[in-house]
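Structure first, commentary second.
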Number of protein chains: 2
Amino acid sequence: MIIDCHGHYTTAPAAHTAWREAQQAAFRAGERPPPYPAISDDEIRASVEDSQLRLMAERGIDLTVFSPRASAMGHHFGDEAVSAAWARACNDLIARVAGLYPDRFIGVCQLPQSPGVPIANSVAELRRCVNELGFVGCNLNPDPSGGHWTSPPLTDPAWFPLYEAMVELDVPAMVHVSAVTNPSFHATGSHYLNADTTAFMQLLESDLFETFPGLRLIIPHGGGAVPYHWGRFRGLADMLGRRSPAEAVMGNVLFDTCVYHQPGIDLLFDVIDVGNLLFGSEMVGAVRGIDPLTGHHFDDTRRYVDALLLAPGDRVKVYERNARRVYPRLDAALSRRGIC
Amino acid sequence: MIIDCHGHYTTAPAAHTAWREAQQAAFRAGERPPPYPAISDDEIRASVEDSQLRLMAERGIDLTVFSPRASAMGHHFGDEAVSAAWARACNDLIARVAGLYPDRFIGVCQLPQSPGVPIANSVAELRRCVNELGFVGCNLNPDPSGGHWTSPPLTDPAWFPLYEAMVELDVPAMVHVSAVTNPSFHATGSHYLNADTTAFMQLLESDLFETFPGLRLIIPHGGGAVPYHWGRFRGLADMLGRRSPAEAVMGNVLFDTCVYHQPGIDLLFDVIDVGNLLFGSEMVGAVRGIDPLTGHHFDDTRRYVDALLLAPGDRVKVYERNARRVYPRLDAALSRRGIC
């Protein structure tokens with residue numbers, strides 16, 4: 001089977017998005033937000049049937065690991081209560097999608113992060129999503145300030161309460177930033193990629209995985225700049241007197257395949273061990289158009305991976321087995337359905 | 001001939017570096033800095049003969065476009081007067097190196113940037129370096145705050161006074177950040193690469209080169225994450241309703257070859273037109289070790305470029321002709337020496 005590890009609910013019903021706007025307006029006005037709207041199953045079906053589900057069928061993707069829209073997490077906005085209510089609403093909606101299409105979507109949650117608020121306060125929502133909603137992982141924002149980078153590095157003990165819960169629950173996190181308020185950055189054009197590179201370098205400088213050998217992180221967008229500069233990172237590890245990236249980081253970190261052209265995918269698979277790669281497309285996401293050079297969608301990453309003509313054992317790792325290893329709760333859910 | 005467009009004076013004499021420390025200590029104490037020390041020609045010769053000059057000879061590099069140590073620019077430190085004195089000291093030292101070895105080094109200057117200070121205040125030092133010291137370009141720091149990204153994007157009119165002077169003087173800038181004070185980032189591991197990607201996306205979102213058709217910028221470190229994600233940037237331009245990166249940006253932007261492994265260089269030349277590539281190594285710089293996989297220095301980028309077996313016309317572009325086109329004052333200096 002083919003599992004896409006990286007899909008966001010970018011097509012959520014308009015009422016959901018409108019409620020977020022109302023919530024923000026209420027916060028600015030110092031008022032209580034309106035009640036969350038009723039959204040019917042039909043509205044949810046309509047929101048995915050002609051987008052994610054159609055494209056999954058066209059591209060032969062069986063299952064998407066599905067999470068709330070990353071750019072809309074907006075952890076920088078408002079306060080802890082705002083983020084908590086928004087995360088809960090987003091996660092509940094993901095659970096409804098997964099409930100309507102249990103063979104097509106499985107949930108990953110947004111955390112109710114807020115700048116300056118201890119990450120420990122996000123653990124309850126993680127537990128609710130995993131234990132009550134059947135989610136298999138979370139998205140972790142390394143910069144809830146929205147492009148000002150005011151949080152400590154991901155390797156700082158300030159983050160450990162989340163890692164302890166992740167290890168206990170046996171769920172991974174995808175390191176994924178959200179929208180930016182800093183005008184230097186474009187969210188999907190630079191901030192996302194910068195965050196991926198930043199996180200990797202933080203991990204290379206630390207002994208985080210000696211402290212948490214069971215912790216697993218996914219760095220999306222093909223690892224940011226890292227595979228392209230793999231020699232630089234190997235050389236920097238050497239300069240810093242640290243173990244190689246393969247030894248120090250890649251036992252616990254995976255990159256997805258959200259790289260939107262063939263040469264990038266070729267390099268990714270040339271440089272990074274296939275055991276560290278998860279198929280992903282971020283469809284429907286940052287780049288939705290058709291590449292005039294190929295006539296196919298930029299984000300149809302299955303075409304690029306298929307074009308590699310991987311050995312069968314490697315192919316099944318990238319498309320399925322690595323995901324089942326990294327998301328044990330996904331593996332258990334599939335096994336319960338008799339998919340071994 | 002082979003021109004390395006990206007070399008910093010990372011081996012400057014100890015007295016120079018000690019003066020910077022004394023300058024910083026004096027600033028913190030609210031005192032006047034000590035006078036800049038006397039540094040002999042022999043000290044300068046000793047600082048490069050067993051490092052840059054030896055490695056250039058070993059690697060067959062004829063000429064290095066040489067600028068002050070990027071990580072030591074430290075524009076975030078102190079105030080405008082501190083940056084002005086430090087830039088002047090650094091640039092004067094580069095001029096002495098180039099004066100001692102006119103066939104081997106040609107100068108590019110550090111600007112006396114300081115957070116919140118108008119870039120117009122840097123123009124006098126640029127003019128001094130070009131007109132009096134014979135320099136051929138400058139390094140432009142898009143984030144003088146040192147990793148807090150408090151300046152407007154490079155496409156904001158706030159930067160235009162510098163661009164006007166650059167166009168008038170016919171010199172390019174390399175977009176190059178310096179050290180960081182933000183603990184999220186590692187200077188050479190993430191901040192440098194992030195800045196490259198950030199600058200490119202700023203340019204893709206703007207019409208800067210319609211305003212300044214004669215402006216030329218070099219994005220170092222192989223363009224950060226850009227070539228690896230070239231499909232993403234082509235797709236984002238499409239999503240944003242803008243011209244393609246090749247049309248909107250690459251008429252005025254070049255990437256260097258500071259990518260420290262063969263697969264990265266292969267991708268760079270696969271994706272980016274050879275007319276947009278400048279040979280560079282950043283030797284002696286961020287990564288000084290020997291790659292155990294090859295037995296050669298990570299930053300010996302000539303090996304990677306040579307291994308491409310470029311057609312002769314392409315080879316001469318990357319090694320010489322593009323540099324002479326982008327740095328007309330370098331071309332003029334070489335022509336005066338009879339090197340055509």
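What percent do you get for the relative contact order of the range A:1-102 when only Cα pairs under 8 Å and 6+ apart count? Reported relative contact order: 41 percent.
Couplings for the range B:220-230, taken from phi via the Karplus curve 6.51 cos²θ - 1.76 cosθ + 1.60 with θ = phi - 60°, read x, 6, x, x, x, 8, 5, x, 4, 10, 4 Hz in order; Gly and Pro are left as x.
Based on Cβ point charges of +1 for Lys and Arg and -1 for Asp and Glu, what charge dipole magnitude is obtained for the range A:271-340 about its Cα centre, in debye rounded to the nearest 20? Write out the running numbers ahead of the final one.
On the way: 11 positive and 9 negative charges, 90 e Å.
Using only the charged Cβ atoms, the result is roughly 440 debye.
Estimated purely from DSSP H runs of n ≥ 4, each contributing -39500 (n - 2.57), the mean residue ellipticity at 222 nm for chain A is -12000 deg cm²/dmol once divided by its residues. Each residue, A:ALA29 and B:THR17, gets one label point 7 Å from its Cα in the Cβ direction; the gap between the two is 6.1 nm. Average accessible surface for the range B:220-340: 36 Å² per residue, computed with a 1.4 Å probe over protein heavy atoms with every protein chain in place.
Here's the picture: charge each Lys and Arg Cβ at +1 and each Asp and Glu Cβ at -1 in chain B, and of B:TYR9, B:ILE94, B:ALA225 the one pushed furthest to the positive end of that dipole is B:ILE94. Per-residue 3J(HN,Hα) values for the range B:170-184, derived from phi via the Karplus relation 6.51 cos²θ - 1.76 cosθ + 1.60 with θ = phi - 60°, read 6, 10, x, 10, 8, 7, 8, 7, 10, 5, 10, 10, 7, x, 5 Hz in sequence order (x marks Gly and Pro).
I'd like the interface area for chains B and A: accessible area of each alone minus the complex, both sides summed, 1.4 Å probe, protein heavy atoms only. What is it in Å² to the nearest 100? Approximately 4500 Å² gets buried when B meets A. With every protein chain left in place, what is the accessible area of B:THR155 in Å² (1.4 Å probe, nearest 10)? So the heavy atoms of B:THR155 present about 30 Å² to solvent.
Across peptide A:197-203, what mean number of C-beta atoms from other chains lies inside 10 Å of a residue's C-beta?
Mean shielding count: 6.
Give the relative contact order (percent, whole number) for chain A; include only Cα pairs under 8 Å separated by 6+ residues. Answer for chain A is 17 percent. For B:ALA311 and A:ALA307, the FRET efficiency from 1/(1 + (r/R0)^6), where r spans their Cβ atoms and R0 equals 30 Å, is about 0.70.
About its Cα centre, the dipole of the protein assembly as shown is roughly 160 debye, where the only charges are +1 on Lys and Arg Cβ and -1 on Asp and Glu Cβ. Backbone amide hydrogens, once placed in the peptide plane, bring B:MET174 within less than 5 Å of B:CYS138, B:ASN139, B:LEU140, B:ILE218, excluding anything fewer than 5 places away on its chain. Computed with every protein chain present, the accessible area of B:CYS90 is close to 10 Å² [probe 1.4 Å].
Near the amide H of B:THR64, under 5 Å away, which other amide H atoms are found, from residues 5 or more places off or on another chain, if H is placed in the peptide plane? Amide H neighbours of B:THR64, under 5 Å, 5+ apart: B:ASP4, B:PHE105, B:ILE106. Rounded to the nearest 20, the Cβ-based charge dipole of chain A about its Cα centre (Lys and Arg +1, Asp and Glu -1) stands at 260 debye. Distances, shortest first, from the label point of A:ASP62 to those at the same position in the other copies read 6.0 nm; the point lies 7 Å along Cα to C-beta. In the range A:110-214, taking the dipole from charged Cβ atoms about the Cα centre, the farthest positive-side position among A:PRO183, A:VAL167, A:ASN139 is held by A:PRO183. Once all protein chains are placed together, B:SER67 keeps about 0 Å² accessible to a 1.4 angstrom probe.
Karplus-based coupling profile of the range A:24-36, in residue order and whole Hz: 5, 4, 5, 4, 5, 8, x, 10, 7, x, x, x, 5, with θ = phi - 60° in 6.51 cos²θ - 1.76 cosθ + 1.60 and x standing for Gly or Pro. Round to a whole angstrom and tell me the spacing of the C-alpha centers of the range B:295-331 and the range A:29-87. The two parts, judged by their Cα centres, are 49 Å apart. B:ALA22 label point (Cα plus 7 Å toward Cβ) to equivalent points in the other copies: 6.9 nm, shortest first. Taking chain B as a Gaussian network of alpha-carbon nodes connected by springs under 10 Å, the highest mean-square fluctuation of the residues B:VAL180, B:VAL117, B:VAL259 belongs to B:VAL117. Proximity of backbone amide H atoms, modeled 1.01 Å from N, is registered between B:GLU282 and B:HIS6 at under 5 Å, excluding neighbours fewer than 5 places apart on the same chain. Please name which of A:PRO312, A:ILE290, A:CYS340 has its Cα lying farthest along the dipole of the range A:270-340 towards the positive end, using unit charges on Cβ (Lys, Arg +1; Asp, Glu -1) and the Cα centre as origin. Comparing the listed Cα positions along the dipole, A:CYS340 ranks first.
With its label point put 7 Å out from Cα toward Cβ, B:LEU293 sits 2.3 nm from the same residue's point in the other copies, in order from shortest.
Under a Gaussian network description of chain B, with springs only between Cα atoms under 10 Å, the residue in B:ILE39, B:ILE106, B:ILE265 that fluctuates furthest is B:ILE39.
The values are calculated or read from the model by the stated rules, or taken from the named source; none is laboratory data. A quick note: this is a predicted structure, and the numbers were derived from the prediction, not measured. Every residue, glycine as well, gets a Cβ built from its backbone with ideal geometry; the counts of neighbours run over all protein chains shown. Just the protein is used for accessible areas: all its heavy atoms, side chains included, with ligands, DNA and RNA removed. Shrake-Rupley method; radii C 1.70, N 1.55, O 1.52, S 1.80 Å.
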